[in-house]
1. Can you name the condition, by its number, that Thr63 falls short on among (1) in contact with a His (Cβ under 9 Å, 6 or more places away or on another chain); (2) β-branched (Val, Ile, Thr); (3) free of Cβ contacts under 8 Å to residues at least 40 places away in the same chain?
2. Among the residues of region 38-51, count how many are touching a helix residue (DSSP H, G or I) at 6+ places or on another chain (Cβ under 9 Å), surrounded by fewer than 17 Cβ atoms within 10 Å (Cβ to Cβ) and assigned to a helix (DSSP H, G or I).
3. Residues in region 45-54: is at least one in contact with an Asp or Glu (Cβ under 8 Å, 6 or more places away or on another chain), more than 18 Å from Leu188 (Cβ to Cβ) and modelled with pLDDT under 85?
4. Mind listing just one residue for me: the one in region 128-143 that is under 18 Å from Asp204 (Cα atoms) and not β-branched (Val, Ile, Thr) and, of those, farthest from the chain's Cα centre (by Cα)?
5. Looking only at helices (runs of 4 or more DSSP H) that lie completely in region 130-216, which have at least 3 residues being surrounded by 14 or more Cβ atoms within 10 Å (Cβ to Cβ), in contact with a strand residue (DSSP E or B) (Cβ under 8 Å, 6 or more places away or on another chain) and not small (Gly, Ala, Ser)?
6. Here's a check for you: in region 74-89, which residue that is touching a strand residue (DSSP E or B) at 6+ places or on another chain (Cβ under 6 Å) and outside any helix (DSSP H, G or I) is farthest from Asp130 (Cα to Cα)?
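The values are calculated or read from the model by the stated rules, or taken from the named source; none is laboratory data. Worth saying up front: this structure is predicted, and the values here are computed from it rather than measured. FYI the Cβ positions are ideal-geometry reconstructions off the backbone, even for glycines, and counts take in every protein chain you see.
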Amino acid sequence: MHLNPKSKLYGQPAIMVRDFLREVIGMRVFDTEDLFRWLECSSAEAHAVVAGLLADAYIEPTTPRGGDPRYCLTVKGTQLGLASFAPRLKRAAAEQLLAAVIARAGATEAQRPFVFQVTKIALFGSMLGDAAFVPELDFPMKVRSAFTDETLAAAEQRRIDLAAHGGKRFQSMVHLIAWPRYEVAEYLKGGARYVKFHSFSELDELGCPFKIVYERPEGDATT
């Protein structure tokens, strides 16, 4: 899905609504208060966005917590959360980005500071077709820990502390806690704005075709 960067959704900047839905992919559920804090809008405006998302089937009600309404993404909402605002990319340039991602994936084991190593990467979306231009490259990815269960938590905290001391700004508490996984994706992206990483569970939710583009032979991985 490709969006106009100047467009609005339900009276709010579309890019901010998209970014919130992208965050919800990791959170799984949210309430109006979460949206209110994210958009930094009025309570009435947040309720209007929720009403619009419900009416357009981007979200659906889920089990309430403490009596307050809660919502989760539909498949359509997940697609909106993954939407791109960047200008479309020529296929030749996209092929170069694909090759670069695969090359970096093979090098992650040598990057000893990483807590997690890449074991599988797939590709889905418009890149699987033959269109001359593609909006972005979407990669579901699996990783596995390079540490034992006993040492994993300490290793993760060291990477979080190192990033924080280096000036890294975390978008949310979820982003902070999951940083040891996120940083692997950041390395694979190499600063490319057109490269997006996802979990394989998101791919299952979308139910769309995909192609495995990188896989290590050793065992299964965590998602």
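1. (1)
2. So the count comes out to 3.
3. Within region 45-54, none of the residues are in contact with an Asp or Glu (Cβ under 8 Å, 6 or more places away or on another chain), more than 18 Å from Leu188 (Cβ to Cβ) and modelled with pLDDT under 85.
4. We begin by selecting, within region 128-143, every residue under 18 Å from Asp204 (Cα atoms); these are 128, 137-143.
From what is left, the residues that are not β-branched (Val, Ile, Thr) are 128, 137-142.
Numbers: Leu128: 19, Leu137: 12, Asp138: 9, Phe139: 10, Pro140: 9, Met141: 10, Lys142: 13 Å.
Step by step, filter region 128-143, then rank; the result is Leu128.
5. Values: elements: 149-165, 173-177, 179-189, 200-206.
Correct list: 179-189, 200-206.
6. Going through region 74-89, the residues touching a strand residue (DSSP E or B) at 6+ places or on another chain (Cβ under 6 Å) turn out to be 74, 77, 84, 88-89.
Imposing the further condition that a residue be outside any helix (DSSP H, G or I) reduces the set to 74, 84, 88-89.
Working: Thr74: 28, Ser84: 19, Arg88: 14, Leu89: 13 Å.
Among those residues, the one meeting the criterion is Thr74.
Let's see how each residue does on (1) under 13 Å from the mean Cα position of the chain (by Cα); (2) under 28 Å from Ile102 (Cβ atoms); (3) touching a residue at least 12 places away in the same chain (Cβ under 8 Å):
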| residue | (1), (2), (3) |
| --- | --- |
| Ser145 | no, yes, yes |
| Leu152 | no, yes, yes |
| Ala155 | no, yes, yes |
| Arg159 | no, yes, yes |
| Ala163 | no, yes, yes |
| Arg169 | no, no, no |
| Arg181 | yes, yes, yes |
| Ala185 | yes, yes, yes |
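Here's the yes/no breakdown for (1) in the same structural domain as Gly190 (by TED's automatic domain parsing); (2) within 23 Å of Glu183 (Cβ to Cβ); (3) not in a helix (DSSP H, G or I):
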site	(1), (2), (3)
Ala94	yes, no, no
Leu98	yes, yes, no
Val101	yes, yes, no
Ala105	yes, yes, no
Thr108	yes, yes, no
Pro113	yes, yes, yes
Val118	yes, yes, yes
Ala122	yes, yes, yes
Met127	yes, no, no
